[in-house]
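Let me begin by presenting the structure, written as structure tokens, before commenting on it.
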Amino acid sequence: MTCKNCGYENKLGARYCQRCGQYIEPKRTLAQEVKSLDFRSLAGVGRRDVNIAPLFTAPSNQTPAKAHQTPSPVEPMPDGRWYCPDCGTLNDSSERFCKNCGKVR
């Protein structure tokens, strides 16, 4: 998960960069991509005898994606301050918990 702002390589699961605090856009799954598509412009869609749903069904043996991945460990900056990987808040080196969301350091 590379930060587009500073280029820092963050651990998987971090929602905010551990170097600059910039929000990291999560990667979208194939299911999310398909749901975001607009099929209303396809010829025949909306007619009673046309159904495109079977084209985009997933095999039933797949398990649903986890809503939350394993949390990323906190990587402190050289001076000890650290950005929370869950909410992006800059915390002092003496703080054990994020002052915004309560994540344990």
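The values are calculated or read from the model by the stated rules, or taken from the named source; none is laboratory data. Treat the numbers as computed from the prediction; the structure is a model and nothing was measured. A quick note on method: Cβ atoms are made from the backbone with ideal geometry, for glycine too, and the neighbour counts reach across all protein chains shown.
What the table shows:
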quantity	calculated
Candidate set from the range 1-22 (those that are part of a strand (DSSP E or B) and more than 12 Å from ASP86 (Cα to Cα)); member that is farthest from the chain's Cα centre (by Cα)	GLU9
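For every residue, the table says whether it meets (1) out of contact with any strand residue (DSSP E or B) (no Cβ under 7 Å at 6 or more places or on another chain); (2) aliphatic (A, V, I, L, M); (3) modelled with pLDDT under 75.
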position	(1), (2), (3)
GLY7	yes, no, no
LYS11	yes, no, no
THR29	yes, no, no
PHE39	yes, no, yes
VAL50	yes, yes, yes
PRO54	yes, no, yes
VAL74	no, yes, no
GLY80	yes, no, no
CYS101	yes, no, no
